[in-house]
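Structure provided below as structure tokens; questions to follow.
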Amino acid sequence: MTKFGIEFVPREPYWKIIYYAIQAERGGFSNLWVTDHFNNRNVYVTLTATAVYTDKITFGPGVTNPYMVNPVFTAQAIATLNELTPGRVVLGMGAGDKTTLEGVGVEVEKPLTAVQEAVDIFRKMTGGESVAYNGAVFSVTNAKFLFKPKGQIPVYVGAQGPKMLELAGKIGDGVLINACHPKDVEYAVNSVREGIRQGGKKPDDVDVAAYTSFSVHEDLKKATKAAVPVVAFIVAGSPGMLLERHGIDLKKAEEIRAALKANDWSRAFSGVSPEMIGAFSVCGTPEMCTDRIALLLKSGISQFVVGSPIGSNVREAINLITEKIIPQFKT
Amino acid sequence: MVTVKDKESTNVSNRKGRINMDYRKLSEMIPAEKWAVLSDKLIDLILTSKNDDRMPSQVANVILRQWQNESLKSETGLTALLQAAILLEPEKVVVSLNELQMTNVTEQVKELLKS
């Protein structure tokens, strides 16, 4: 059965996120992801509150990075969470957002190696091993927890470029793909499958999740209005190759980038075209979103993650997904 | 020795205690058949409010516990929701109560806002 995940950004206060988390769990979502950026509220505090107020939903950081947070600390936090709610915790690990990290003076160097080493260290530490690790990015001389971590914790690797996607397929129990359009998902899944093959695993061994920018409303205009700001930022941050794949005029993308840089929101948002919305979000009425999700599933994903903005009214949007979308995929 | 800070802290907790009593009285005035519809409106006001910083964590925690136990539509749930909604969106609460034709409750809320 298709899994549905939901992403929350702890820029929102904890009580809103927990309210929605309880609602999502009751509505049939199986996974909950909380983003990790230094300029929002802390991911592990938010996840701890989630653990206390929910009963069955699987949750984890979506995603943390090894530059800002040392993988030994990540292992400690996740292992502790797994004591609180055994079997419900997963780790989402990626290379991090370059712009955000540079803002705190952290350089993103050797991202593939950093992620691979971080996952290695995480698995050894949460496996209760005494760790001596001499990697190209991380070095651990002698680390062991003074408590016994419980169980194996699945690791999802967040990936976008072809090499990271391959690595994710090779080392991950799951992969989080930042993509909304079937063309991009298909492209990504091919790279992931190559990694799965290299890792000597079967495709079903790896949960491949499309981490989407999502907006649903019965009124298409309202759904679109909510998606526009998020899509503007995605377009501004996308490489030319990706924009060209969707036939997006590079000049228009550059205009949006310049407007965002100048904090001219209205100019930036007015530059977002329907093509951009279609390429970089899953947006529309419940029926339209259902059709798009069905296409993405055909492209090879096993989990669909509903990400920001979710809708103009998040509570209503979760109800729509619960009542009109998820039931379409129950077989 | 009681310091100025201690006195301020005591005053704050007394105010919160008094406010809680006021909200309890308010929710007691609401007929049971309107609990569900009012609860729904108040939740929406709270979750869409831009005045997040006005939410006291004690009240937020009560709301979450009630939501977890599926009892936000009870009198206890309504008390917490009323308190939160009036702190975050006082004018919108008055509009919602008027829409539900709860004139006496509206008047009590207006009195509470004056005090």
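Looking at the structure I just gave you, is B:LEU87 in contact with a helix residue (DSSP H, G or I) (Cβ under 6 Å, 6 or more places away or on another chain), crowded, with 19+ Cβ neighbours inside 10 Å and either under 23 Å from A:ARG11 (Cβ atoms) or at pLDDT 95 or above (or both)?
Details: in contact with a helix residue (DSSP H, G or I) (Cβ under 6 Å, 6 or more places away or on another chain): yes; crowded, with 19+ Cβ neighbours inside 10 Å: no; either under 23 Å from A:ARG11 (Cβ atoms) or at pLDDT 95 or above (or both): yes.
In short, no.
Starting from the stretch A:305-327, keep only residues that are polar (S, T, N, Q), then list their pairs with residues that are assigned to a helix (DSSP H, G or I) whose Cβ atoms are within a distance under 6 Å, requiring at least 6 positions of separation or different chains.
A:SER308/A:VAL230; A:SER312/A:LYS222; A:SER312/A:ALA226; A:THR322/A:GLY27
Moving to a separate point now. Please specify each residue of the stretch A:122-151 satisfying the condition of being hydrophobic (A, V, I, L, M, F, W, C), touching a helix residue (DSSP H, G or I) at 6+ places or on another chain (Cβ under 7 Å) and within 27 Å of A:VAL108 (Cβ to Cβ).
A:PHE122, A:MET125, A:VAL131, A:ALA136, A:VAL137, A:PHE138, A:VAL140, A:ALA143
For a quick check of your reading of the model, give me the residue pairs whose first member lies in the stretch A:204-228 and is modelled with pLDDT of 95 or more, whose second is of a type in the set (D, E, K, R) and part of a strand (DSSP E or B), with beta-carbon atoms closer than 8 Å and at least 6 apart or on different chains.
A:ASP207/A:LYS3; A:ALA209/A:LYS3; A:TYR211/A:GLU7
Are any of the residues in the stretch A:63-86 open to solvent by 10 Å² or more (accessible area, probe 1.4 Å), polar (S, T, N, Q) and within 14 Å of chain B (Cβ to nearest Cβ)?
no
Next question. Considering only residues that are farther than 22 Å from A:ASP55 by Cβ and more than 10 Å from chain A (Cβ to nearest Cβ), which ones fall in the stretch B:72-86?
B:GLU75, B:LEU78, B:THR79, B:LEU81, B:LEU82, B:GLN83, B:ALA85, B:ILE86
Somewhere in the stretch B:82-89, is a residue outside any helix (DSSP H, G or I) and either out of contact with any Leu (no Cβ under 9 Å at 6 or more places or on another chain) or small (Gly, Ala, Ser) (or both)?
no
Residues being buried (at least 24 other Cβ atoms within 10 Å of the Cβ) and farther than 23 Å from A:HIS246 by Cβ: count how many of those fall in the stretch A:175-199.
1
Considering each of A:THR50, A:THR58 in turn, give the residue that is more than 14 Å from chain B (Cβ to nearest Cβ) and touching a residue at least 24 places away in the same chain (Cβ under 8 Å).
Going through A:THR50, A:THR58 in turn, just one is more than 14 Å from chain B (Cβ to nearest Cβ) and touching a residue at least 24 places away in the same chain (Cβ under 8 Å): A:THR58.
What residue, among those in the stretch A:289-322 that are among the hydroxyl-bearing types (Ser, Thr, Tyr) and closer than 12 Å to A:VAL216 by Cα, is least open to solvent (accessible area, probe 1.4 Å)?
A:THR290
Another question, then. Restricting to the stretch B:45-57, what's the tally of residues that are assigned to a helix (DSSP H, G or I) and either facing chain A (nearest Cβ under 9 Å) or at pLDDT below 95 (or both)?
So in the stretch B:45-57, the residues assigned to a helix (DSSP H, G or I) come out as B:45-48, B:52-54, B:57.
This time we only want the ones that are either facing chain A (nearest Cβ under 9 Å) or at pLDDT below 95 (or both), so: B:46-48, B:52-53, B:57.
Residues flagged as assigned to a helix (DSSP H, G or I) and either facing chain A (nearest Cβ under 9 Å) or at pLDDT below 95 (or both) within the stretch B:45-57 amount to 6.
Would you pick out the residues in the stretch A:268-284 that are open to solvent by 20 Å² or more (accessible area, probe 1.4 Å) and of a type in the set (Ser, Thr, Tyr)?
A:SER270, A:SER273
Conditions (1) in a helix (DSSP H, G or I); (2) away from every other protein chain (no Cβ under 14 Å); (3) crowded, with 19+ Cβ neighbours inside 10 Å, marked per residue:
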| position | (1), (2), (3) |
| --- | --- |
| B:ARG24 | yes, yes, no |
| B:LEU38 | yes, yes, yes |
| B:ILE43 | yes, no, yes |
| B:ALA60 | yes, no, yes |
| B:GLU70 | no, no, no |
| B:GLU91 | yes, yes, no |
| B:VAL95 | yes, yes, no |
| B:ASN98 | yes, yes, no |
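Restricting to helices (runs of 4 or more DSSP H) lying wholly in the stretch A:179-246: which have 2 or more residues that are small (Gly, Ala, Ser)?
On the way: elements: A:182-198, A:220-237, A:240-245.
By residue number, A:182-198, A:220-237.
Please find, among A:ALA232, A:ALA209, the residue that is open to solvent by less than 20 Å² (accessible area, probe 1.4 Å) and over 25 Å from A:THR290 (Cβ atoms).
Residue meeting the stated conditions: A:ALA232.
Still on this structure: Here are the criteria: (1) within 10 Å of chain B (Cβ to nearest Cβ); (2) open to solvent by 60 Å² or more (accessible area, probe 1.4 Å). Tell me which single one A:MET1 does not satisfy.
Going through the list (1) within 10 Å of chain B (Cβ to nearest Cβ); (2) open to solvent by 60 Å² or more (accessible area, probe 1.4 Å), A:MET1 breaks only (1).
Could I ask something else about it? So, in the stretch A:10-21, of the ones that are of a type outside the set (D, E, K, R) and surrounded by 19 or more Cβ atoms within 10 Å (Cβ to Cβ), which residue ends up farthest from the other protein chains (Cβ to nearest Cβ)?
Only one residue fits best here, namely A:PRO10.
The values are calculated or read from the model by the stated rules, or taken from the named source; none is laboratory data. All figures in this text were calculated on a predicted structure; none of them were measured in a lab. All Cβ positions, glycine included, derive from the backbone under ideal geometry; neighbour counts span all protein chains shown. These accessible areas exclude ligands, DNA and RNA; they are computed on the full protein's heavy atoms, side chains included. Shrake-Rupley method; radii C 1.70, N 1.55, O 1.52, S 1.80 Å.
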